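Remarks on the structure that follows.
The values are calculated or read from the model by the stated rules, or taken from the named source; none is laboratory data. Computed from a predicted structure; not experimentally measured. In this analysis, Cβ positions are derived from the backbone assuming ideal geometry, glycine residues included, and neighbour counts consider all displayed protein chains. The protein model used for the area step is the full one, side chains on, heavy atoms only, and it has no ligands, DNA or RNA in it. Shrake-Rupley method; radii C 1.70, N 1.55, O 1.52, S 1.80 Å.
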Amino acid sequence: MSPIKNKVLVVGMDGLRFDLLSASGAPVLTALMSTGAYGTSMLPYGVDDAPRTESPGEVVPETETPEPGLGDRVIKSRTDSGPGWSSIATGAWPDKHGVVDNGFEGSRFQKFPDFLTRAKNARPELLTSAFFSWAALAEHGAFGPAIDHRFVLDGYTVGWAEADKQVTDAAERHLAEEDPDAVFVYLGDTDEVAHDLGPHCPEYAAALQAQDAYLGRLLDTIRARPAYPGERWTVLVTTDHGHVDEGGHGGTSDEERTVFVIAHRLGEDLGGRRLAAPRLVDVGPTALAALQLAIDPAWDLDGVPLEP
């Protein structure tokens with residue numbers, strides 16, 4: 001009898017507020033939470049009175065205020081997508097990976113590579129894949145060139161709703177036709193709508209429901225794989241930051257700093273267990289642990305594997 005193959009799918013939904021997700025009734029995400037494990041935490045950074053714009057990145061002012069739960073460490077960063085996705089990818093906070101806004105200046109991805117690159121370095125036979133509609137994640141190296149298969153769109157050019165659809169189509173084909181071991185999929189329309197109209201609008205609810213349906217398509221494709229009976233898939237869903245009620249982020253409000261992680265193993269029922277403050281930096285280490293890869297203390301990561 002062949003051994004079970006461990007595989008992992010990480011899906012990121014940009015700018016998704018957990019309170020609105022919980023109230024939405026989105027069927028796929030709700031089912032993952034009710035049969036998996038989930039929780040929220042607060043980002044340990046943000047800039048007081050930060051301009052909430054979509055600019056490439058403002059200069060982060062100096063501060064001497066330690067962040068809660070981090071001892072004397074001071075993390076100077078906006079609650080932006082650049083720092084958020086870099087923390088998800090690397091398992092380290094912005095003061096280590098170097099990304100403090102959407103400009104990506106000062107990034108240290110050679111020292112703190114993404115979890116797909118670490119998986120590939122540890123086991124070259126693994127097939128790693130990344131799909132995203134925010135091209136900056138590829139252009140600036142948050143997800144590095146060692147990843148086997150990358151599908152990159154520019155949501156600003158294509159349109160975010162259309163880009164998310166094309167990203168899902170490409171990921172769905174890849175999951176059906178290839179044999180990936182570790183996959184990352186980024187969906188961005190929720191963030192774009194919240195910037196334009198705020199998160200309390202019908203358009204944001206529609207974007208959330210669309211991304212929920214895209215996630216469902218990916219999970220259905222995995223379950224339909226001929227090899228699925230011999231596979232053990234761990235699914236992680238997360239976001240990079242929230243939004244204030246009027247739309248925007250960068251600052252220190254609870255609405256901007258609250259993030260979530262949902263963890264689920266397909267075919268298993270974990271009973272909707274609450275995770276104790278899962279952090280963005282725990283996502284990468286959890287993905288590596290799901291692949292049975294050990295976390296090397298020399299990597300100096302801030303995250304640890306979650307126990308779904």
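Tabulated data for the structure shown
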read-out	value
Pair residue 121, residue 31: separation of 7 Å Cα→Cβ label points (nm)	3.8
Charged-residue dipole, Cβ positions (Lys, Arg, Asp, Glu), the chain about Cα centre, Debye nearest 20	1320
Label-point separation, residue 307 to residue 209 (7 Å along Cα→Cβ), nm	3.9
Alpha carbon centroid spacing (whole Å) that separates the range 117-151 from the range 271-308	19
Mean ellipticity per residue at 222 nm, deg cm²/dmol - from DSSP H runs of n ≥ 4 across the chain, formula -39500 (n - 2.57)	-10000 deg cm²/dmol
Cβ-based charge dipole, the range 211-273, positive-most Cα from 244, 270, 230	230
Overall form of the range 165-308 per C-alpha gyration tensor (a/c, 1.5; a/b vs b/c)	oblate
Accessible surface of the range 154-308, 1.4 Å probe, proportion on carbon and sulfur as whole %	50
Environment charge at residue 4 (Cβ cut-off 12 Å; Lys +1, Arg +1, Asp -1, Glu -1)	+3
Extension gain from residue 246 to residue 48, taking 0.36 nm per residue of separation minus the Cα-Cα distance	69.6 nm
Residue list for the range 109-128, given a label point 7 angstrom along the Cα-to-Cβ vector of residue 179 and an amide N cut-off under 14 Å	125-128
Cβ crowding within 10 Å averaged over residues, with 294-307, 23-36 ranked highest first	23-36, 294-307
Nitroxide proxy distance, nm - points 7 Å out along Cα→Cβ at residue 110 and residue 5	3.5
Approximate shape of the chain as ellipsoid semi-axes (Cα gyration tensor, √5λ), whole Å, largest first	27, 22, 19
Using θ = phi - 60° and Karplus 6.51 cos²θ - 1.76 cosθ + 1.60, couplings along the range 184-196 (whole Hz; Gly, Pro as x)	10, 10, 10, 10, x, 5, 4, 5, 5, 5, 5, 4, 6
Alpha-carbon radius of gyration plus Dmax, which is the widest Cα pair, for the range 67-224 in Å	16.4, 49
Percent of beta bridges antiparallel (DSSP, the chain, rounded to nearest 5)	30
³J(HN,Hα), Karplus 6.51/-1.76/1.60, whole Hz, each residue of the range 30-37, x for Gly, Pro	4, 5, 4, 5, 6, 10, x, 9
Karplus (6.51, -1.76, 1.60) ³J(HN,Hα), θ = phi - 60°, over the range 167-180, in Hz, Gly and Pro reported as x	4, 5, 4, 5, 5, 5, 4, 5, 5, 7, 9, 10, 10, x
Under 5 Å, built H, 5+ apart or other chain: amide partners of residue 6	232
Over 31 Å between alpha carbons, listed pairs 7/111; 7/76; 7/165; 120/165; 76/165	7/76; 76/165
Surface accessible to a 1.4 Å probe, residue 259 within the full protein complex, Å²	0
Solvent exposure of the range 174-295 as accessible area per residue, Å², 1.4 Å probe	34
Loop-exposed GluC sites (Glu not before Pro) per DSSP, neighbour cap 10 Cβ within 10 angstrom, longest uninterrupted part of the chain	126-308
